[in-house]
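Since the structure comes first, as structure tokens, the remarks are kept for the end.
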Amino acid sequence: MTRLTSCFERLKNEGRKAVIPYIVAGDPSRFGTVPLMHRLVDAGADIVELGVPFSDPMSEGPVIQKGHERALDNGISLRDVLGMVADFRQHDSSTPVVVMGYANPVERMGYASFATACAEVGVDGLITVDLPPEEVDSLRDQLELVGIDNIFLISPTTPEPRIKTIVQSASGFIYYVAVKGVTGAGHLDTADVASYMTKIKEATTLPVCVGFGIKDAASAGAVAGVADGAVVGSALIDTMAQTIANGGSEELATDNAISLLKSIRNGVDNVPTGV
Amino acid sequence: MTEMRSPEFFASVPDPQGRFGPYGGKFVAETLMTALADLEALYRDLSKDPDFQREFDTDLAHYVGRPSPLYEAARISDEIGGARIFLKREDLNHTGAHKVNNTIGQALLAKHMGKKRVIAETGAGQHGVASATVAARLGLECHVFMGAEDVKRQALNVYRMKLLGAEVVPVTSGSRTLKDAMNEALRDWVTYVDSTFYIIGTVAGPHPYPMLVRDFQSVIGREARRQCLERNGRLPDALVACVGGGSNAIGLFHPFLPDEGVAMYGVEAGGHGVETGEHAAPLSAGTPGVLHGNRTYLMQDENGQILHTHSVSAGLDYPGVGPEHAWLKDIGRVQYVSANDDEALAAFHRWTRMEGIMPALETAHALAYAERLAADMSPEQHIVVNLSGRGDKDILTVAAIDGIEL
Ligand SMILES: Cc1ncc(COP(=O)(O)O)c(C=O)c1O
């Protein structure tokens, strides 16, 4: 069983939902990322999503765009990101790590060498924002060879027949992009999410996690009531960036991000199960 | 090989997945996939619909002013003493460039889809102006994304767009040029996908854009081919066009692709010189990758990050290029070359002074290369250059470079 599958199985047995923080590898600093990953896990993260910085992050709102820019200024490449996963694995062999990014750095590295490297360092899943099912086949084949899950996105604009096709080739979990828009947009409608979730759940038994638009305990809790997990990115990255912009240290920035994650963990856990 | 180069061969791309050989495709976020599928389905129907074609042709005739003339640049051709140079006068179109052919077509698609809001990215501002123009005419809300750097160097076009009622959104991320404007337009489209039609200004972006922009711009080549036959009794020996994203070039080239005797040259922006790394010439010096929805040649580093580009002309200052050009390069049908900033500026002045035609700085790259090419050819031979746009928008840039304050 893969780390992702056993993670969701454990959560299900415990009657809990997944909390999945997203951070950009190398933001705010190159050497802060691995310690931050460990602290996120200690604070209640079930899965860590590690963003690969890209020069043209087309699906990101301003907050995560700036995170990508800072990471690139710190000289972070895809290989560096994989190196961070290797470091993380020295002290954590159980928490799943999902790498999320854009196609071009992966294309440049080559699908086969990328997949091999992912397996070597202990990556569990991959989300490539701009590789929809129509374009992902050759990469997914490589990932499958080494047992890494390719995680598909489903959005509010995905029609039902297309949901059925997408879930057929999916593994790990489904990532439901809850809002039409870029990351960090602020108009998550829980009722909409719930009704769409029903359609996805009819098509698959895979866990479905929701991202985009979750920023605090309340929105995370609401999403956890209808989904198997909540992804939170912009809010964490913004908290860190604001702290540093106000003259705070990276340590303080991390502390603030950790408190936010803890409150999100509480928001998610306080939801009675079966809602 | 000859057999492979039949009209059917060239008509076989893009395939149903939107691929030109290994290039093209639909590399976008899931949220846009359904919008692209809808657009593709609509276009598939309308492109076979004689009423739609008639509507498009009527607009091109009476609103744009087509057909555009084919003009023999006698004085410069005489001076060079080589091949005769003919100009396909897209500068005489309404709004001053070839861009409007495409915006007329896409605005009709927007109308058929019932969209009330259009967005566009622009570099030089010509596509922005052309989009704002068709939006004004159809009463559509129009937002144009433009790199902050380009807002500065194309100030005249920014004001034109505002006069036309469009909102110009300066983009301050990344290199603050066309690439970043396109990122921002895609972000807007993802957010307002239900109400919005995205009018892409060149043969780039995800399928079906490279195909439909090509089809709309191919009127240039169809007219030029007919005009050459009528006027000279034969086809030209060579075609020359500048390549930013590649829409004016593909528009001229496409109808001639099966004509084996017609050589083709796409001229990229050499900037300070391709060897300096400061340029915008992905076909001359780039490698394949994925950006803005398609696989194509890109200027990128060894980690797959897109590089900043440099060109004196905002409309060529782009690190990618339309996927069909990538394919045409690989199969060897079109030669991709470059002209540097200083060559383009010299051509701008020369053509203005000797032919009374002030070209856009983008176009000046094509003219600079055509001069070189003509010199190596004989007076019995003919070159057609796509005079893609007029240079009024560039006079502030040219004056600044020449140290003149207006
Ligand atoms: C006059 C003119 N020519 C050429 C271009 C380059 O675009 P493309 O390569 O799509 O023709 C532009 C773009 O702004 C332009 O304004």
* Being of a type in the set (S, T, N, Q) and within 12 Å of chain B (Cβ to nearest Cβ), is that true of even one residue in the range A:44-61? -> yes
Of B:LEU291, B:LEU212, B:LEU283, the only residue that is within 16 Å of the ligand (Cβ to nearest atom), among the aliphatic types (A, V, I, L, M) and within 14 Å of another protein chain (Cβ to nearest Cβ) is B:LEU291
Expected single match for more than 9 Å from chain B (Cβ to nearest Cβ), surrounded by fewer than 18 Cβ atoms within 10 Å (Cβ to Cβ) and of a type in the set (Val, Ile, Thr) among A:THR95, A:THR116 is A:THR116
Taking the range B:300-325 and keeping residues in contact with a Phe, Trp or Tyr (Cβ under 9 Å, 6 or more places away or on another chain), within 13 Å of chain A (Cβ to nearest Cβ) and either part of a loop (DSSP other than H, G, I, E, B) or closer than 12 Å to B:SER284 by Cβ (or both) leaves B:GLY304, B:GLN305, B:THR309, B:GLY320
All conditions in (1) crowded, with 24+ Cβ neighbours inside 10 Å; (2) in contact (Cβ under 8 Å) with a residue 40 or more places away in the chain are true of A:PRO28 except (1)
Tell me, yes or no, whether the range B:379-386 has at least one residue that is surrounded by 24 or more Cβ atoms within 10 Å (Cβ to Cβ), within 16 Å of the ligand (Cβ to nearest atom), more than 19 Å from B:CYS228 (Cβ to Cβ) and under 19 Å from the mean Cα position of the chain (by Cα). no
Condition check: hydrophobic (A, V, I, L, M, F, W, C), at the interface with chain B (Cβ under 8 Å from one of its Cβ atoms) and crowded, with 23+ Cβ neighbours inside 10 Å. Does A:LEU126 satisfy that?
no
Exercise for the section: For the range B:170-181, indicate whether the set of residues that are part of a helix (DSSP H, G or I), touching a residue at least 60 places away in the same chain (Cβ under 8 Å) and open to solvent by less than 10 Å² (accessible area, probe 1.4 Å) is non-empty. Expected result: yes
Log entry, pairs with first residue in the range B:241-267 being more than 15 Å from B:THR202 (Cα to Cα), second being open to solvent by less than 10 Å² (accessible area, probe 1.4 Å) and near the ligand (Cβ under 9 Å from one of its atoms), beta carbons closer than 8 Å, six or more apart or on different chains, reads B:TYR265/B:ALA241; B:VAL267/B:ALA241; B:VAL267/B:CYS242; B:VAL267/B:VAL243; B:VAL267/B:HIS365; B:VAL267/B:ALA366
Condition check: open to solvent by 10 Å² or more (accessible area, probe 1.4 Å) and within 23 Å of B:VAL129 (Cα to Cα). Does B:ASP194 satisfy that? no
- May I ask you to verify whether B:ASP392 is within 16 Å of the ligand (Cβ to nearest atom) and surrounded by fewer than 21 Cβ atoms within 10 Å (Cβ to Cβ)? yes
Exception for A:LYS66 within (1) within 14 Å of another protein chain (Cβ to nearest Cβ); (2) charged (D, E, K, R); (3) open to solvent by less than 40 Å² (accessible area, probe 1.4 Å) falls at (3)
Scanning the range B:1-41 for residues that are under 22 Å from B:MET113 (Cβ atoms) and within 23 Å of the chain's Cα centre (by Cα) gives B:PRO14, B:GLY18, B:LYS26, B:VAL28, B:LEU36, B:LEU39, B:GLU40
Requiring at least 1 residues that are open to solvent by 20 Å² or more (accessible area, probe 1.4 Å) and within 16 Å of the ligand (Cβ to nearest atom), the helices (runs of 4 or more DSSP H) wholly within the range B:35-127 are B:99-113
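Would you be able to tell me the number of residues in the range B:211-232 that are under 18 Å from B:LYS48 (Cα atoms) and assigned to a helix (DSSP H, G or I)? Let's see the steps before the verdict.
Kept after step one, since they are under 18 Å from B:LYS48 (Cα atoms), are these residues of the range B:211-232: B:211-219, B:222.
Going one step further and asking which of them are assigned to a helix (DSSP H, G or I), we end up with B:211-217, B:219, B:222.
So the answer is 9.
Rundown of residues vs (1) free of Cβ contacts under 8 Å to residues at least 60 places away in the same chain; (2) under 22 Å from B:SER311 (Cβ atoms), yes/no style:
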position	(1), (2)
B:LEU109	no, no
B:HIS112	no, no
B:LYS116	no, no
B:VAL129	yes, yes
B:THR133	yes, no
B:ARG137	no, no
B:PHE145	yes, yes
Exercise. Taking B:GLY201, is it within 13 Å of the ligand (Cβ to nearest atom), more than 14 Å from every other protein chain (Cβ to nearest Cβ) and open to solvent by less than 10 Å² (accessible area, probe 1.4 Å)?
Worked result: yes
- Examine the range B:139-153 for a residue that is within 14 Å of chain A (Cβ to nearest Cβ), open to solvent by less than 30 Å² (accessible area, probe 1.4 Å) and within 16 Å of the ligand (Cβ to nearest atom), and state whether such a residue exists. yes
For B:TYR159, the lone unmet condition from (1) surrounded by fewer than 24 Cβ atoms within 10 Å (Cβ to Cβ); (2) touching a residue at least 12 places away in the same chain (Cβ under 8 Å); (3) more than 14 Å from chain A (Cβ to nearest Cβ); (4) not in a loop (DSSP other than H, G, I, E, B) is (2)
Original post:
Quick check: anything in the range A:198-217 open to solvent by less than 20 Å² (accessible area, probe 1.4 Å), of a type outside the set (Ser, Thr, Tyr) and more than 15 Å from the chain's Cα centre (by Cα)?
Top reply: yes
**Report entry** Condition met for B:VAL193 (out of contact with any strand residue (DSSP E or B) (no Cβ under 9 Å at 6 or more places or on another chain) and assigned to a loop (DSSP other than H, G, I, E, B))
**Finding:** yes
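The values are calculated or read from the model by the stated rules, or taken from the named source; none is laboratory data. All values derive from a computational prediction rather than experimental measurement. Methodologically, a virtual Cβ is constructed for each residue, glycine included, from the backbone with ideal geometry; neighbour enumeration extends over all protein chains shown. For accessibility, only protein heavy atoms count, side chains too; no ligands or nucleic acids. Shrake-Rupley method; radii C 1.70, N 1.55, O 1.52, S 1.80 Å.
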